[in-house]
Amino acid sequence: MEIIIQPSAEAATSVAARIIARLLRDKPNAVLGLATGSTPLSLYRELIALKLDWRKVRTFNLDEYIGISPKHPQSYHSFMWENLFRHVNVAGKNVHIPDGLAKDIPKFCDRYEKKIVAAGGIDLQVLGIGTDGHIGFNEQTSSLASRTRIKTLTPQTLKDNARFFGGEDKVPHHVITMGIGTIMEARQNLLLAFGSKKARAVAEAVEGPLTAMNPASVLQWHPNAKVFLDAASAARLKRGEYYRWVYDHKPAWQQF
Ligand code: F6R
C-alpha cells in the first residue's frame, strides 16, 4: 500500500487525477472502475478539466441502490452522468452501472462480473471509504472473497447517506455492489478519503489488522493500492511522518 498524504483534499485529488490521466493516455481503451459519493466529485471535475479522450474508455461502477430508477436524482446512474459522463466524450455503450431495477438480481450480478472479465478486467479502480471502512457497499463482515451481489446497508451507512435523500428513512436499504473479490482483481486500486470523519476508518484500514470488520483493510493484500489522504483523514495514522517522507523523497523514476 502506498500512502499519499497531502495538505488538502484538492492536492491529493490532483495526484490521483494525474495517475488516471496518464493511464488514459497510455491505454486509450482502459477499463476504469468508478465510485460515487462526495469524495470523487473533485476528482471527476479535474478529469473533465483535463479534456482527456474517453471515446474508447470502458467504465464499471461499483454500486447502485436497489429499487430506484436510473432516472431518480439520487441514483448512481444520475450521479455519474451528472458529474462525469455528460462532460466527457465517453460512449454510452461503454458505461456500465449496476441496474437497481434488475428483475433477477443474482443473474444480473453474474452478468456484470462476466462483462468485467470480457472487457479484460479493471485496469484502475477508484474507491472511497465509508466511516465504517466499507468499500463499494461491502459493509463490515462482507466476505473478503465476495463477488457482485445484493447487500443490505448498515444503520451507519443509512445515516451517512441520509444527506443525499433528505432523511434516513428515504435511503434504500438494499444495494448491488461489486464484491471485495471483484475489487481485489482490479490491476490498480486508488482509494481516496478526506476529512476527519474518515480518520478512524483510514487508520484501521492502513495500519490495523486485515479484517472484514474494516473491508478497506483488504487493500493491504493488494499488490498495487494507493491511498490518497488530506491532513485530516491522515490524522490518526501512527506512521504519518514516514509516509510523507517516502512520498517527498521518491526517486525520479518512481514519481507519478
Ligand atoms: C460509492 C461507494 C461508497 C463510498 C463511501 C464514501 O460508490 O462505493 O463506498 O465511496 O460510502 O462515500 P462519501 O465519498 O460520500 O463519503
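Things to note:
- Seen from all directions on average, region 41-182 presents a Cα convex hull projection of 8.5 nm².
- Carbon + sulfur, % of accessible area of region 117-256 - ligands and nucleic acids excluded, 1.4 Å: 56 percent
- Remark: region 99-177 carries a charge dipole of roughly 240 debye about the Cα centre, counting +1 on each Lys and Arg Cβ and -1 on each Asp and Glu Cβ.
- Of every Cα-Cα pair in region 32-111, the percent that sits beyond 19 Å: 36 percent
- With every protein chain in place, region 1-81: carbon and sulfur % of accessible area (1.4 Å): 55 percent
- Here's the picture: charge each Lys and Arg Cβ at +1 and each Asp and Glu Cβ at -1 in the chain, and of A203, F164, A118 the one pushed furthest to the positive end of that dipole is A118.
- Centroid-to-centroid separation of region 66-115 and region 184-256 [C-alpha atoms, Å]: 28 Å
- Of the residues W245, W253, W54, the one with the largest accessible area comes first in the ranking W253, W245, W54, computed with a 1.4 Å probe on protein heavy atoms.
- DSSP H segments from the chain that extend 24 Å or more along their own axis, Cα-based, with Kyte-Doolittle mean of -0.5 or above: 9-26
- Within the listed set T177, T36, T154, the residue fluctuating most in the Gaussian network model of the chain (springs between alpha-carbon atoms under 10 angstrom) is T154.
- The heavy atoms of S8 present about 40 square angstrom of accessible area, all protein chains included, probe 1.4 Å.
- For the chain, a crude dipole built from +1 on the beta carbon of Lys and Arg and -1 on the beta carbon of Asp and Glu, taken about the Cα centre, is about 580 debye to the nearest 20.
- Cross-link pairs K170/K198; K71/K170; K71/K93; K159/K226; K159/K238; K103/K159 - those with Cα-Cα distance over 19 Å: K170/K198; K159/K226; K159/K238; K103/K159
- Ratio of Rg to Rh over the chain (Cα coordinates, Kirkwood Rh, two decimals): 0.94
- Check: region 193-256 dipole with +1 on Lys, Arg Cβ and -1 on Asp, Glu Cβ, in debye: 100 debye
- For the chain, the per residue solvent-accessible surface stands at 46 Å², with DNA, RNA and ligands left out and a 1.4 Å probe.
- K56 - accessible surface, heavy atoms, 1.4 Å probe, Å² rounded to 10: 120 Å²
- Where Y76, Y242, Y44 fall by accessible area, highest first, once all protein chains stay in place (1.4 Å): Y242, Y76, Y44
- Dipole-positive endmost among S217, Q255, A231 within the chain (Cβ charges, Cα centre): Q255
- Among beta bridges identified by DSSP and lying wholly in the chain, the antiparallel ones come to about 30 percent.
- Gyration tensor verdict on region 116-241 (Cα atoms; rounded if a/c is under 1.5, prolate if a/b is larger than b/c, oblate otherwise): oblate
The values are calculated or read from the model by the stated rules, or taken from the named source; none is laboratory data. For clarity, every value in this text was computed on a predicted model and none was experimentally measured. Positions of Cβ are generated from backbone atoms using ideal geometry, with glycine treated the same way; all protein chains shown enter the neighbour counts. Heads up: the accessible areas ignore ligands, DNA and RNA and are worked out on the full protein's heavy atoms, side chains in. Shrake-Rupley method; radii C 1.70, N 1.55, O 1.52, S 1.80 Å.
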